[in-house]
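A quick write-up on the structure given underneath.
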There are 2 protein chains.
Amino acid sequence: MQRDDLSPGGDHSAVSTTPLPSWSDGPAKAAILDFVQRVTTPGPDFLPRARRIATFDNDGTLWCEQPLQVQFYFGHQRLEALVRKDADLKQQQPYKAYLERDIAAIKQMGKQGLFEVGATAFAGNTEDEFDAEARSFLAGARHPKLGRRFIDLTYEPQVELLEYLRTNGFKTFIVTGGGIDLVRALAEDAYGIPPEQVVGSSVKTRFELRDGVGVLVKQAEIDSFDDREVKAHNIGLHIGRRPIFAFGNSDGDLAMLRYTLTGDGPRLGLLLHHDDAAREFAYDREFHLSPLAEALDHAAEYGITVVSMKNDWRTVFVPDATASAA
Amino acid sequence: MQRDDLSPGGDHSAVSTTPLPSWSDGPAKAAILDFVQRVTTPGPDFLPRARRIATFDNDGTLWCEQPLQVQFYFGHQRLEALVRKDADLKQQQPYKAYLERDIAAIKQMGKQGLFEVGATAFAGNTEDEFDAEARSFLAGARHPKLGRRFIDLTYEPQVELLEYLRTNGFKTFIVTGGGIDLVRALAEDAYGIPPEQVVGSSVKTRFELRDGVGVLVKQAEIDSFDDREVKAHNIGLHIGRRPIFAFGNSDGDLAMLRYTLTGDGPRLGLLLHHDDAAREFAYDREFHLSPLAEALDHAAEYGITVVSMKNDWRTVFVPDATASAA
Ligand SMILES: [Ca+2]
Ligand SMILES: [Ca+2]
């Protein structure tokens, strides 16, 4: 029996605890609870489980992306290792900017430029080698200012929201401009999202037999840079259904949000506004690598619900796993 | 609680009916039952559910592909409609060959050539328009020789196998050389596989707002032709894990099979051999559009289990839905 059929009060009535404890009472939380109630309760807005597709951006939506996306620090570690083998690289751009943490020059490359550097740096690795290196990095690497490990800078309200949606029969996906393999290395543990529900930027791979073992070898060539309109394309390619729920934090998510919001029936699109300099960072249109401007300016017109980190979230980050273990 | 933990006899002990009734007792069925038993039972070969990824080819593996893949007939219907609007097309290749059902010329185009004709014919359609046309086609179109509708020419033993794997905690995927959207239009009803678990050949799409509604518009340009080594690439892209189980029927599946079989731990790779002229068709290396030669000749060396349609399947096709409805 499908849980859809169990209760006229909607699936989430089965959950005994109050949902979304890290969300403050306010219009954003109310919009989420109302939406989930409507699509899970028999009535005009009810949707079967197969239609309950939710997509989330990652950088700046599910975890901290300031002062630079985590991907940058991972690429930096990789380039330092390459330079130890080939010192000449140190004087070549874009490696020079990366290695000197020349943030102005890095921002100038743009987010796609950063991804291309990473693609070059990891070319020749197998998927399995990359995965091992990514997990090793994530297990230890710390944020330069906040001190915590990057994986302890995921947002507690969003982890709750993902779980709440799944409890209510949603299938949750990440649709990230970040590299698909790096995000897959953390998504299952951090967000409960399996690899096949992560969509992201990717490189071409080549299938080879190495010592009799079939491996996928990363090429330097970009397969897909998953930003802006490409996010909508990749939702079509990987998911094959229009989401009914989407959550982003920048203009890079606008196509995904509008694709989601302009379908028939009940829809919810949310945008996280980073307005909390005290607990995290405050930024929007001036963040060159991933600005938030059009989506914020036209949120009401496009039907987007803006979430204020400062006002709508009671807590920001998940508990620090290393602190509690100590 | 995970079903994995319930029973030392393995998940499938929960199923009261005898599994795989359309499979004859023999080495192929025994290999499947043994494999599933091992990966679901506590012991050296046990694997958690997250690792139980199974991938299936579609044309010739899950449904009939003779004398031509169903996709050809769908493209043919589309081209006839286009010619009604623009009669000049009728004299141009490749339309001419398609419209005259010149099978020799069509086979010469190859499977990729066929897909490219389809891509051209559907360019400009939105994903939603394509889906509606595909479902309309599938609801009525019949096989030219066998009389049944194409969707009633799916293989009963494979439908049972997919269900059996899912009952045992596997996640089942299609990895097809056919167009991803056409296969998605039937996979949920025919095989119980949702759109996001269908991987296939695809075209580029462009996100547009049409009358205020965000749509994905199909372009003529191929995004991915999902055959041979590209199947392994697309498994990496869409699934992000090495399957432990794969099932194909041609050399187009060899990379997928070898990728699956050369990983660590328990593995099963199967190849359907069409050797049943009485109930379906008998063919292998001479089928120009999708030959089976290397995989058959080296099956033992590569660790592939060959399934004989004639000997291993008690029935071939699912019940005829239109006959039982009449
Ligand atoms: Ca973002
Ligand atoms: Ca095939």
| Assigned charges on the beta-carbon of Lys, Arg, Asp, Glu; segment A:173-326 dipole about Cα centre (debye) | 340
| Roughly how many Å is it from the Cα centre of segment B:115-147 to that of segment B:251-326, as a whole number? | 25
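Can you work out the FRET efficiency for the pair A:Lys90 and A:Arg206, with r the C-beta to C-beta distance and R0 = 41 Å, to the nearest 0.05?
Details: r = 29 Å, r/R0 = 0.70.
Rounded to the nearest 0.05, the efficiency is 0.90.
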| remark: Under the 7 Å Cα-to-Cβ spin-label approximation, B:Ala81 and A:Ala220 lie apart by a distance in nanometres of 4.5
| message | Are there any trypsin sites (Lys or Arg not before Pro) in segment A:50-155 that are in a DSSP loop and have at most 15 other Cβ atoms within 10 Å? List them by number. | response | A:Arg101, A:Lys145
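A:Thr167 to B:Thr167: FRET efficiency via 1/(1 + (r/R0)^6), r the Cβ-Cβ distance, R0 30 Å, to the nearest 0.05? Don't skip to the end; give the middle numbers.
On the way: r = 23 Å, r/R0 = 0.77.
Efficiency, from the Cβ-Cβ distance: 0.80.
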| query | In segment B:277-326, how does Rg compare with the Kirkwood Rh, expressed as the Rg/Rh ratio over alpha carbon atoms? | reply | 1.12
| Alpha-carbon centroid distance for the pair segment B:43-76 / segment B:202-242, whole angstrom | 18
| Charge dipole magnitude, Cβ of K and R +1, D and E -1 - segment B:148-248, Cα centre, debye nearest 20 | 220
| task | Over 30 Å between C-alpha atoms is what I'm after, so list which of B:Lys96/B:Lys204; A:Lys145/A:Lys171; A:Lys204/B:Lys310; B:Lys29/B:Lys107; A:Lys29/B:Lys218 land there. | result | A:Lys145/A:Lys171; A:Lys204/B:Lys310; B:Lys29/B:Lys107; A:Lys29/B:Lys218
| remark: So for R0 = 22 Å, FRET eff. of B:Arg279-B:Asp25 from the Cβ-Cβ r, to 0.05, ends up at 0.75
| field | Label spacing, shortest first and in nm, from B:Ala30 to its equivalents in the remaining copies (7 angstrom along Cα→Cβ) | value | 6.8
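Could you tell me how many cubic angstrom of Cα convex hull volume chain A has per residue? Walk me through the numbers before you get to the answer.
Values: hull volume 50.8 nm³, N = 326.
Spelled out: Cα convex hull of chain A, divided by residues, is 156 Å³.
For peptide B:236-248, what's the mean number of Cβ atoms from other chains within 10 Å of each residue's Cβ? Don't skip to the end; give the middle numbers.
Details: counts 11, 15, 6, 3, 14, 6, 5, 0, 0, 0, 0, 0, 0.
Partner-chain Cβ atoms within 10 Å, mean over residues of B:236-248: 5.
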| request: Would you mind working out the magnitude of the charge dipole of segment B:70-140 relative to its Cα centre, with +1 at each Lys and Arg C-beta and -1 at each Asp and Glu C-beta, to the nearest 20 Debye? | output: 340
| note | Expressed in nanometres to one decimal, the distance between label points 7 Å along Cα→Cβ at B:Val213 and B:Glu129 is 1.2
| query | At each listed q (0.05, 0.07, 0.09 Å⁻¹), what is the log10 of I(q)/I(0) that the Debye formula gives for the protein assembly as shown modelled as equal alpha-carbon point scatterers? | reply | -0.24, -0.48, -0.80
| remark: Of the residues A:Thr126, A:His76, A:Gln92, the Cα lying farthest along the dipole of segment A:50-142 towards its positive end, which is defined by charges on the beta carbon of Lys, Arg, Asp and Glu, belongs to A:His76
| said: Take B:Asp102 and B:Ala293, extend 7 Å from each Cα along the Cα→Cβ direction, and tell me the distance between the two endpoints in nm. | reply: 2.5
| said: Can you compute log10 of I(q)/I(0) for segment A:30-188 with the Debye formula, treating each Cα as one identical point scatterer, at q = 0.12, 0.18 Å⁻¹? | reply: -0.62, -1.10
| remark: Here D for segment B:182-326, in µm²/s, from Stokes-Einstein with a Kirkwood Rh over Cα pairs at 10 °C and 1.306 mPa s, works out to 89
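Computed from the coordinates by the stated procedures, all read-outs in this text should not be read as laboratory data. Computed from a prediction, not measured in an experiment: that's the story for all the values here. Cβ sites come from the backbone with ideal geometry, for glycine too, and all protein chains shown count toward neighbours.
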